[in-house]
Amino acid sequence: MPTIQKRNPVSSANRAGHPLRGLSPGTEWRAPWSRLRGVVPTPSYNTTDIRSFFDQCASTGFLEQHGHPQRLLEYRLALVRSLARPRPSDVVLDLGCGNGHHLLALVPEVARGIGIDVSPGMIELAHARVRSSPWIDNLTFEVDDAEELKEIADQSIDLAICIGAFEHMLDKRAVLAGIHRVLKFGGRFFCLTPDADYVWYRSIAPVLGFATKHLSSDRMLTRDEFSALLDQAGFRRIRSVPWTFIPKGDVPSLVALLLTVLDAIGRHARLDSLRGGLALCAWKEAKPT
């Protein structure tokens, strides 16, 4: 999904791993300093909470917050093309598709696009966008849970993509198992997600007391953690590269400037921990002969 516009962030108790006792799902808790300390997450305990959160985001229009929308879209799709190599014959599944803008931009290069999202509000936005698209006959958007993929047939997908949504998914093992099931033999899974080893998440934000989650259940992974989950799900030939991710919509402008400088240093010195993002592509093995 694209970046969330809503700003709702976390208490120090929640960052320390303690539950938010006494709060019903969807209720916000604000520390006295919260407006200066990043985004405080909305408490979330199950898929219903996550669906409600993104339905609320959809009601605001779900605008890009991390920079120029078209440049960011082109950059993300360039990463998809570089690692996953979409083909004209591909059926592409976009998990956590949000308002569908990544799939709408990619569909001219493939045979068919299917977008799924747990949020009916997001799917309504996607339907509204596709009505004016010349590729309307090649696109389908459905409400579905990435942990279940009830609407997707086994071995029906050539390429599955997940851009900015994996960190919000609760049962990541179930998601990867489902993706592996619906991919054809030799199919690929591509994911763009924040890197848990990013210096902002690992060191700077904790020192400054900045909260970094939009949902209390959000969980980012390191490269090694993600690769291990992919391996356990049966994926092979796992490739990964860093990419520039700066949470500009979540931090004050001076912090965003600092992270931009660190990213430039990271690109020059090849220090992945300064880049912010993790891009991975993994393959389902070809059918045994």
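The values are calculated or read from the model by the stated rules, or taken from the named source; none is laboratory data. This is a predicted model, so every value here is computed, not measured. Cβ coordinates were reconstructed from backbone atoms using ideal geometry, including for glycine residues, and neighbour counts include every protein chain displayed. Surface areas here come from the heavy atoms of the whole protein model, side chains and all, with no ligands, DNA or RNA. Shrake-Rupley method; radii C 1.70, N 1.55, O 1.52, S 1.80 Å.
Rolled with a 1.4 Å probe across the full set of protein chains, the surface gives residue 64 an accessible area near 40 Å². Against the criterion of solvent-accessible heavy-atom surface with a 1.4 angstrom probe, 192, 104 sort, most first, into 104, 192. Nearest 10 degrees is fine. How inclined is helix 120-130 to the longest principal axis of the chain, computing both from alpha carbons? Tilt of helix 120-130: around 60 degrees. Starting from a Cα-only point model with no solvent, please compute log10 I(q)/I(0) by Debye for segment 103-195 at q = 0.12 1/Å. For segment 103-195 at q = 0.12 Å⁻¹, log10 I(q)/I(0) is -0.37. With protein chains left intact and a 1.4 Å probe, residues in the chain average 45 Å² of accessible area per residue. Size descriptors for the chain (Cα atoms only): Rg and Dmax, in that order, 18.4, 63 Å.
Taking the longest Cα principal axis of the chain as reference, the axis of helix 47-59 is set at about 90 degrees. Using the Cα gyration tensor of segment 145-289, with a ≥ b ≥ c the square roots of its eigenvalues, what is the shape: rounded (a/c below 1.5), prolate (a/b larger than b/c) or oblate (neither)? Prolate, since a/c reaches 1.5 and a/b exceeds b/c. For residue 87, the solvent-accessible surface computed with a 1.4 Å probe is close to 110 Å², ligands and nucleic acids excluded. Can you tell me how segment 41-148 classifies by the Cα gyration tensor, rounded, prolate or oblate, using a/c under 1.5 as the rounded cut? Prolate, because a/c is 1.5 or more and a/b exceeds b/c. In the chain, the DSSP-assigned H stretches of four residues or longer account for a calculated mean residue ellipticity at 222 nm of -9500 deg cm²/dmol, using -39500 (n - 2.57) per stretch and the full residue count as denominator.
Put a plus charge on the Cβ of each Lys and Arg, a minus charge on the Cβ of each Asp and Glu, and nothing anywhere else: the dipole of the chain about its Cα centre is then about 740 debye. Could you list log10 I(q)/I(0) for segment 169-244 at q = 0.20 Å⁻¹, which the Debye formula gives when each Cα is one point scatterer? Taking Cα atoms of segment 169-244 as identical point scatterers yields -0.96. Note on exposure: 147, 124 ranked by accessible area (1.4 Å probe, complete protein assembly) read 124, 147, with the most exposed listed first. Ligands, DNA and RNA aside, residue 140 has an accessible area near 40 Å² when probed at 1.4 Å.
The stretch between residue 55 and residue 143, if pulled fully straight at 0.36 nm per residue, gains 30.5 nm over its current Cα-Cα span.
Within the listed set 123, 246, 265, the residue fluctuating most in the Gaussian network model of the chain (springs between alpha-carbon atoms under 10 angstrom) is 265. Restricting the calculation to Cα atoms, segment 211-289 yields a radius of gyration followed by a Dmax of 16.0, 57 Å.
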